[in-house]
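> Quick one: the structure is below, questions incoming.
The values are calculated or read from the model by the stated rules, or taken from the named source; none is laboratory data. The structure presented is a predicted model; accordingly, all values stated were derived computationally and were not measured. Cβ placement follows ideal geometry from the backbone for every residue including glycine, while neighbour counts extend to all protein chains displayed.
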Amino acid sequence: EDGLSGWLRYARIKGANGYHNKLPSAIVTLNATEGSPVYTAGQELSDGIRGIFGKELELDTASTRKTPRDTTATVGTVTAYLDSNPGAADRLPELVDDGFYLSVSKGNVLILGQNERGTLYGAFHYLSLLAQGNASDFTVTSNPDAPIRWVNQWDNMQDGGTHGSVERGYGGDSIFFWDGKIRDDLTRAGQYARLLASIGLNAVVVNNVNADAKTLTPENMDGLARIADVFRPYGVQLGVSLNFAAPETLGGLDSFDPLDETVASWWKDITDELYKRIPDMAGYLVKANSEGQPGPMTYNRTLADGANMFAHALKPHGGIILFRAFVYDHRSLNQTLDWKADRANAAGDYFDGLDDKFEDNVVIQIKHGPIDFQVREPVSPLFAHLVETPSAIELQVTQEYLGQQAHLVYLAPMWKEILDFDFRVDGKPSRTSDILNGKRFNRKLGGYAGVVNVGTNTTWLGSHLAMSNLYAYGRLAWDPSATSEGMLEEWIKMTFSDDKKVLDVITKLSMQSWPAYEDYTGNLGIQTLCDILLGHYGPNPASQDGNPWGQWTRADADTIGMDRTVWNGTGFAGQYPEEIAAMYENIETTPDDLLLWFHHVPYTQVLKSGKTVIQHFYDAHYAGSAVAQTFPQLWETLRGRPGIDDERFDHVMYRLVYQAGHSLVWRDSINTFYHNKSGIADEQGRVGNHPHRIEAEAMKLVGYEPYDVSPFEAASGARCVV
Ligand code: BDP
C-alpha cells in the first residue's frame with residue numbers, strides 16, 4: 001500500500017459475500033459517451049463493487065441493454081432519466097448544479113445527477129457508503145453548499161534545472177510540469193482528478209499564484225488542454241493562474257496597464273485562444289500587487305480595474321476570475337519606523353470602497369485569516385465587508401506553517417471554527433459559511449479554494465495521515481456542517497479499515513493534533529513562532545520581529561503581542577462589524593486564544609485561566625509536546641491491525657517519532673527564548689533545566705561532528721552533532 005489510491009482503495013471488506021444480494025447485478029448508464037463523467041461513474045461502480053465485494057456487474061448503456069436483470073443500478077442525469085421515464089418528474093427532488101439524488105432499495109439503485117458530474121458525485125457517494133460496509137436501503141438528496149469548490153496547486157513549470165517544483169509543496173515535484181512544459185505523461189493528473197471528484201471538488205488551478213508568464217505560450221496552452229482532457233472524465237475543470245505583467249514580458253507590449261486598450265485586447269486574445277483549446281475552462285486566478293508581484297496599482301489603477309479586465313475577457317466564455325485579496329507590500333512594512341504599520345490591515349484597506357466596482361464574474365479569494373495560514377488567526381474581516389461581491393475562502397491543505405506534513409495536524413477542527421464564526425453583520429447571524437454560499441448576502445457565486453500542493457510522491461502529500469485534510473477540505477466545501485470526527489471516521493474506514501482500534505487510535509491522534517501543535521508552536525494568538533525568513537518550519541521566534549513580511553510579535557523584555565485595537569493600536573479590530581469589533585477591542589472580552597493577536601500586554605498579564613501569559617507559554621509548550629510524545633506509542637498499538645499494512649505503518653511511524661522529537665525542539669526553543677527575554681522563571685523550574693539529558697556533543701563521536709546551532713535556543717547548549 002503506497003497511498004496512491006488514497007481513500008479510494010476499494011479494498012475487500014469483512015463478510016463481503018454476505019452483501020451480494022443487497023447489491024445491483026448490472027449497471028445501466030444513461031446517455032454515457034466514453035470519457036464523460038457518467039461513463040466514469042459506471043466504471044467506478046463496477047470497479048468499486050468488484051473490489052469491495054468481489055461481485056462482477058454487467059455494464060450496459062441504455063441503448064445496448066438486452067435483457068432486464070434482477071437488480072440494476074441506473075446511473076445518469078435527471079434529464080436523461082426523464083426522457084425515458086417522463087412520469088417520474090414529480091417524484092424527483094430539486095437539485096442545484098452538481099447535486100445528486102441517490103436511492104437504494106433491495107439492490108436496485110438509482111443515481112441521478114443534476115448534471116453529468118453530479119451523477120459521478122452520486123456514484124462516489126454510494127461507493128463510499130459501500131466501502132464503509134453500509135449497503136442498506138435509503139434515499140438521499142445532496143446538493144453542494146457552494147458552487148466554487150476549487151483546488152489551487154502552487155506548481156512551478158520549472159525551478160532549478162528541469163524539475164517543476166511545487167511552492168510550499170511537501171510531496172515531491174509537480175505532477176503537471178517538467179522542464180518548463182506540461183508533462184507528456186499525465187497519468188497522475190488523472191488520478192488526482194479522480195480523488196478530487198470523489199469528494200465533490202470541481203476545478204484545479206494548476207500553476208502557482210506566483211505565475212510564470214510562459215504558461216501562456218501556444219505550446220503550453222496546448223499542454224494545458226491535455227491536462228483539461230485528463231480532468232474532464234471526472235468533471236474537474238481547469239483553471240489558470242496569470243501573471244499580471246504577461247502582456248509586457250510575454251506579449252512584448254510596452255505596458256500592462258489594465259486600462260490600456262492594447263493590453264485588454266491582448267488578454268482577450270489569450271483568453272479566446274485558451275477557450276478554443278479548453279471550451280469548459282473554469283477561469284483564472286490572479287495574485288496582484290503582493291509580495292513583489294505586478295498588478296494594476298503599478299499604474300495607479302484599482303484592484304477592481306485589474307480584476308475587471310480579466311472578467312471582460314472571460315465573460316463571453318462563461319468563465320470566472322478568482323482575484324486574491326492577499327494584497328500587501330512587503331517592502332513598505334517597517335515596524336521600527338511605524339508602530340501603526342500592520343499587515344493585517346492590508347486587505348481591508350486595499351479593498352475599501354471597491355465592493356460595488358467588480359463585474360459579476362469576479363470572486364474575491366480571501367485567505368481565512370488576515371495574515372497567512374497561522375496556527376490561529378481571527379477570521380478575515382474582509383468576508384464581512386464584501387456584500388455585493390462574492391467571496392471564496394482560501395484554506396491551506398498543505399501545512400506550510402503547520403509542520404509541513406512532517407507533523408500530524410488534522411485541520412478540520414480549525415476550519416470548522418472559521419466556517420462557523422459569526423460576524424454579526426448588522427447585528428444579524430452571519431456565519432462565514434453562509435457568506436460563502438451566498439445565502440447571507442443573496443449572491444449566486446462563492447465558495448472554497450484549497451491550496452493542496454500534492455506532488456509526485458505516491459502518498460500525494462508526503463504523509464498518509466495528512467490526506468485526511470484533503471478529504472475534509474472537499475467534504476466541508478460540499479457540506480460545512482459535516483463534523484470533524486464524522487469526516488475522520490469515513491476517511492479512516494476507507495483508507496485503513498473499520499477496525500474499532502484503528503478508528504479509535506487514528507481519531508484520537510488526529511483530534512489531539514491541532515491543539516497540541518498550537519501548544520508547542522505558538523499560543524494565545526501569537527501565531528506560529530517559526531522561522532519567517534526561511535522555510536516557515538522550525539522554531540525561530542527572534543525572526544518574528546523586524547522582518548519585512550509584517551509577521552510580528554512585538555516582544556521585548558517586559559511585554560508581548562500586537563496591539564490591534566482602535567483606541568491605542570493599529571486599528572485592525574475596527575475592521576470587524578460592531579459587535580465583534582467591541583469584543584476584540586476589549587481585553588476582557590477577547591478570547592484568551594487570540595489575546596496576543598489583539599493586545600500588547602506584560603508577560604505577567606493574568607489570563608482568564610488565572611495563569612500569567614508567560615507561565616501559560618511554559619505550561620502549554622510542555623503539555624503540547626507531552627501529547628506528541630504519546631503519538632508513536634499510540635500508533636504502535638496498531639501494528640498488524642486490519643488495514644494497517646507494514647508499508648504504511650512504518651511510513652507513519654517514522655513521521656510520528658520525528659514529530660515527537662521535533663516537538664521537544666519546539667518546546668525548548670520557545671521556552672528558552674522567552675525565558676531569556678523576560679527573565680521570569682518557570683514556576684515549575686523546568687525551563688533550561690534538563691537533568692537527565694545527555695548532550696549528543698558530550699558523547700564519543702564516531703563519524704559525527706559537533707555543530708553550532710542557529711538559532712542557539714534550538715539545541716540545549718546551542719550545539720548538536722551532524
Ligand atoms: C505565503 C507563501 C508564499 C505564497 C504566498 C501567497 O509563503 O509561498 O506565494 O503566501 O499565498 O503563505 O501568495
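> Could you list, in sequence order, all residues of segment 524-537 that are assigned to a loop (DSSP other than H, G, I, E, B), more than 18 Å from residue 613 (Cβ to Cβ) and within 21 Å of the chain's Cα centre (by Cα)? Can you show your working first?
Here is the first cut: in segment 524-537, the ones assigned to a loop (DSSP other than H, G, I, E, B) are 524-529, 531-537.
Imposing the further condition that a residue be more than 18 Å from residue 613 (Cβ to Cβ) reduces the set to 531-537.
Selection gives 532, 535, 536, 537.
> Within segment 325-382, which residues are closer than 16 Å to residue 302 by Cβ, assigned to a loop (DSSP other than H, G, I, E, B) and away from the ligand (no atom under 16 Å from the Cβ)?
Of everything in segment 325-382, those that are closer than 16 Å to residue 302 by Cβ, assigned to a loop (DSSP other than H, G, I, E, B) and away from the ligand (no atom under 16 Å from the Cβ) turn out to be 352, 353, 354, 355, 356, 357, 358, 359.
> Let me ask something else. Are any of the residues in segment 116-125 under 21 Å from residue 203 (Cα atoms) and among the hydroxyl-bearing types (Ser, Thr, Tyr)?
Yes.
> If I ask for residues that are closer than 26 Å to residue 677 by Cβ, out of contact with any Lys or Arg (no Cβ under 6 Å at 6 or more places or on another chain) and touching a residue at least 60 places away in the same chain (Cβ under 8 Å), which ones from segment 620-636 would you list?
Within segment 620-636, 620, 622, 623, 624, 627, 628 qualify.
> On to the next question. Among the strands (runs of 3 or more DSSP E) lying completely within segment 1-107, list those that include at least 3 residues that are closer than 17 Å to residue 234 by Cβ and modelled with pLDDT of 95 or more.
72-77
> Whether any residue in segment 447-459 is in contact with a helix residue (DSSP H, G or I) (Cβ under 9 Å, 6 or more places away or on another chain), crowded, with 19+ Cβ neighbours inside 10 Å, part of a helix (DSSP H, G or I) and touching a residue at least 60 places away in the same chain (Cβ under 8 Å) is what I want to check.
Looking for residues that are in contact with a helix residue (DSSP H, G or I) (Cβ under 9 Å, 6 or more places away or on another chain), crowded, with 19+ Cβ neighbours inside 10 Å, part of a helix (DSSP H, G or I) and touching a residue at least 60 places away in the same chain (Cβ under 8 Å), one finds none in segment 447-459, hence no.
> Since residue 315 meets every condition but one in (1) in contact (Cβ under 8 Å) with a residue 60 or more places away in the chain; (2) in a helix (DSSP H, G or I), which condition does it not meet?
Going through (1) in contact (Cβ under 8 Å) with a residue 60 or more places away in the chain; (2) in a helix (DSSP H, G or I) one by one, residue 315 breaks only (1).
> Collect the residues in segment 270-288 that are basic (Lys, Arg) and within 16 Å of the ligand (Cβ to nearest atom), keeping them in residue-number order.
Result: 287, single match.
> In this structure, is residue 195 aliphatic (A, V, I, L, M), under 25 Å from residue 145 (Cβ atoms) and outside any helix (DSSP H, G or I)?
No; evaluated as a whole, the condition is false for this residue.
> With (1) under 27 Å from the mean Cα position of the chain (by Cα); (2) farther than 18 Å from residue 376 by Cβ; (3) in a helix (DSSP H, G or I) as the list, and residue 548 as the residue in question, which single condition is left unmet?
Condition not satisfied by residue 548: (3).
> For the structure I just gave you, tell me whether residue 595 is under 29 Å from the mean Cα position of the chain (by Cα) and touching a residue at least 60 places away in the same chain (Cβ under 8 Å).
yes
> Kindly establish whether residue 150 is within 16 Å of the ligand (Cβ to nearest atom) and in contact with a Leu (Cβ under 9 Å, 6 or more places away or on another chain). Steps first, answer last, please.
Values: within 16 Å of the ligand (Cβ to nearest atom): yes; in contact with a Leu (Cβ under 9 Å, 6 or more places away or on another chain): yes.
The answer is yes for residue 150.
> Among the residues of segment 637-647, is any outside any loop (DSSP other than H, G, I, E, B) and touching a residue at least 60 places away in the same chain (Cβ under 8 Å)? Let's see the steps before the verdict.
First, the residues of segment 637-647 that are outside any loop (DSSP other than H, G, I, E, B): 646-647.
Next cut, touching a residue at least 60 places away in the same chain (Cβ under 8 Å) only: 647.
Yes, segment 637-647 contains a residue that is outside any loop (DSSP other than H, G, I, E, B) and touching a residue at least 60 places away in the same chain (Cβ under 8 Å).
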